[in-house]
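Chemist: Below you'll find the structure I mean.
The values are calculated or read from the model by the stated rules, or taken from the named source; none is laboratory data. Fair warning: this is a prediction, and the values are worked out from it, not measured in the lab. Glycine gets a Cβ as well: all are built from the backbone with ideal geometry, and neighbour counts include every protein chain shown. These area figures cover heavy atoms from the full protein model, side chains too; ligands, DNA and RNA do not enter into them. Shrake-Rupley method; radii C 1.70, N 1.55, O 1.52, S 1.80 Å.
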Amino acid sequence: MNTLIIGMQWGDEGKGKIVDALAPSFDIIIRYQGGANAGHTVITDKGKFIFHHIPSGILYPDKICIIGNGMVVDPEILLQEMDTLREMGIEFKKRFFISDRTHIVMPYHKSMDKGRENLLGNRKIGTTGRGIGPCYVDKYARIGIRAAYFKDENRLREKIEDNVKGVNRIYKTYGLPPIDVEDMFDSYRSYALKIAPYIHNTTYLMNFYYQQGLNILFEGAQGTMLDVDFGTYPYTTSSHPTVGGAFIGSGLPHKTLHRVVGVMKAYTTRVGNGPFPTELAGEEGNILRENGKEFGSTTGRARRCGNLDLVIAKYACLINGVDEIALTKLDVLDGLPQLKVCIGYEYKGEIITEIPANTEMYDEYKPIYKTLPGWDKTRGITKYEDLPSAAKRYIEEIEERLGVRISMISTGPKREEIIFR
Ligand code: IMP
């Protein structure tokens, strides 16, 4: 059963832990979109790992891990990740591959990302500042630098020269000092030398593995509501964290996928700006943030927190064809007297159950809640029957409203704190 793990909210749903839990049943784990904006956290007896590019499955010694063509890779950060794995004694030389079609994040992508955000002032997106948007812009403008050039020094120099010419003109208007082509080429050549042995034509490699009958796990990053088409545009990322992105970003045909697992936090969070109808701005939000340690694993920013929104969840099920749900961080709700789940919105006297394209309008939607009883403790529970009845009620309410089964429930940050139903 080749499986896709997808975020059902605004990212940070706990996908890293679910990938880690499922990885033992798969041979290959592939990431297919995004880049160092992601931070997938896995806690094992060796310590805490935060993956930005490398699929979380790398922690298992026999798994093949792939960075797909749909990703954008920051070589400096990737090399740091690789060093951390080496320091932890995790060998990956013959089982880690990077697509030669992956786009490379350059320093000017990061400065443009930050520069554009500054220009937008209080209407800024709140990006991670990792150069993701500008790198995808260059990809679609067909001036991007692909990993394949890390194996061709002359072409790499040529591409850097061409791009820096254009970038320096923009820098001039911003009053920034020009980029020195030689400096940039020198540092990228040294990255290229270290990364080149891992670069392959993964399109053929993945299809070969598929034909050999190897099992594939697709590891999505970010979440449905951050998808550049389906999310709260323009307050989104620049890639496709939804199901279609898996095929575009891997080179595998759709029939290779058998199962979609949506990962959903038991409440809602989002980092950065943009609409968030169920946000809890006051003390209730602080409680969730503290209990759930809701601070970005990539940027350290405090996440905005709020009630579970089932309108969003239903939308994520619809777009992604979610077969089953992994509900995470249930234990963060322990001890709350009552819980509210959003079942619709109210806008100008009307009841709305759809996500609009107009973000400004969405900002004005008011949640309609159903209130459910709270419970005492779920932390660390590993059997469904041991959950308090109010927690079971919460889970069953979600299942009924979405028409999708919750097959996994995470009850704490550790690997073993999970219920398989
Ligand atoms: P960018 O992807 O850095 O351009 O950021 C665009 C928006 O997506 C911002 O609101 C970010 O906070 C959000 N974002 C990007 N990556 C993640 C992630 O992995 N988790 C949660 N939010 C993210």
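Chemist: When LYS139 is evaluated against the numbered criteria (1) open to solvent by 20 Å² or more (accessible area, probe 1.4 Å); (2) at positive phi, which criterion, by number, is the only one it fails?
Modeler: Of (1) open to solvent by 20 Å² or more (accessible area, probe 1.4 Å); (2) at positive phi, only one is false for LYS139: (2).
Chemist: Can you tell which of ILE66, ILE90, ILE125, ILE77 is within 16 Å of the ligand (Cβ to nearest atom) and in the same structural domain as MET206 (by TED's automatic domain parsing)?
Modeler: Selected residue: ILE77, the only one of ILE66, ILE90, ILE125, ILE77 that is within 16 Å of the ligand (Cβ to nearest atom) and in the same structural domain as MET206 (by TED's automatic domain parsing).
Chemist: Evaluate region 136-145: report whether one residue or more is of a type in the set (Gly, Ala, Ser) and part of a helix (DSSP H, G or I). If you could, list the steps in order and put the result at the bottom.
Modeler: Taking region 136-145 as the starting set, the residues that turn out to be of a type in the set (Gly, Ala, Ser) are 141, 144.
Remaining after also requiring part of a helix (DSSP H, G or I): none.
No, that holds for no residue.
Chemist: Also, quick follow-up: Could you please tell me which pairs satisfy a Cβ distance under 7 Å, a separation of 6+ or placement on different chains, a first residue in region 18-47 that is under 20 Å from GLY129 (Cα atoms) and modelled with pLDDT under 90, and a second residue that is open to solvent by 20 Å² or more (accessible area, probe 1.4 Å) and not β-branched (Val, Ile, Thr)?
Modeler: GLY39/HIS52; GLY39/SER297; THR41/LYS48; THR41/SER297
Rundown of residues vs (1) open to solvent by less than 60 Å² (accessible area, probe 1.4 Å); (2) farther than 30 Å from ASN273 by Cβ; (3) free of Cβ contacts under 8 Å to residues at least 60 places away in the same chain, yes/no style:
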{"position": "ASN358", "(1), (2), (3)": "no, no, yes"}
{"position": "MET361", "(1), (2), (3)": "no, no, yes"}
{"position": "TYR369", "(1), (2), (3)": "no, no, no"}
{"position": "LYS377", "(1), (2), (3)": "no, yes, yes"}
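Chemist: Among MET184, MET112, which is of a type outside the set (Val, Ile, Thr) and within 16 Å of the ligand (Cβ to nearest atom)?
Modeler: Working: MET184 fails: within 16 Å of the ligand (Cβ to nearest atom).
Only one candidate passes the filter, namely MET112.
Chemist: Would you point out which residue out of LYS329, LYS265 is under 25 Å from HIS52 (Cα atoms), touching a strand residue (DSSP E or B) at 6+ places or on another chain (Cβ under 6 Å), touching a residue at least 12 places away in the same chain (Cβ under 8 Å) and open to solvent by 10 Å² or more (accessible area, probe 1.4 Å)?
Modeler: Working: LYS265 fails: open to solvent by 10 Å² or more (accessible area, probe 1.4 Å).
Answer to the selection: LYS329.
Chemist: Out of (1) farther than 21 Å from ILE98 by Cβ; (2) within 16 Å of the ligand (Cβ to nearest atom), the odd one out for THR278 is which?
Modeler: Single failed check for THR278: (2).
Chemist: Which members of region 203-231 meet the condition of being among the hydroxyl-bearing types (Ser, Thr, Tyr), surrounded by fewer than 24 Cβ atoms within 10 Å (Cβ to Cβ) and either under 20 Å from GLY57 (Cα atoms) or within 17 Å of the chain's Cα centre (by Cα) (or both)?
Modeler: Passing the criteria: THR203, TYR209, TYR210.
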